[in-house]
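Presented below is the structure to which this report refers.
The values are calculated or read from the model by the stated rules, or taken from the named source; none is laboratory data. Computed from a predicted structure; not experimentally measured. Surface accessibility is based on the protein's heavy atoms, side chains included, excluding ligands, DNA and RNA. Shrake-Rupley method; radii C 1.70, N 1.55, O 1.52, S 1.80 Å.
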Amino acid sequence: MLLPDRHLVADLLSRYRAWERLVLADPLDATTRGRFEDVAYTLCVLMGQRTAREAIVKAEAYLRRIKPVPIFPGGTPGGGSGVRG
């Protein structure tokens, strides 16, 4: 299964929340609402969900469960385990 880029998901969540605040501040601004809906739609497509709320929940869960990739998978810069034997 292909997973979306973590940075893209985080960026979309951030943009969604920013546009949401702007829409709440001025609900009649059609331009703001349109951009908010565009970000919501993109988030839905990326996360494979039908509603923005479902996409947000799934995106937040996805970001929480991603584990950092170690810089040196073998344990040391040389690729070994760091233990000499």
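Here are the numbers:
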quantity: Accessible area in square angstrom per residue, region 9-60, 1.4 angstrom probe; calculated: 64
quantity: Table column - 3J(HN,Hα) (Hz), region 41-51, Karplus curve with 6.51, -1.76, 1.60, x for Gly and Pro; calculated: 4, 4, 5, 4, 5, 4, 8, x, 10, 8, 10
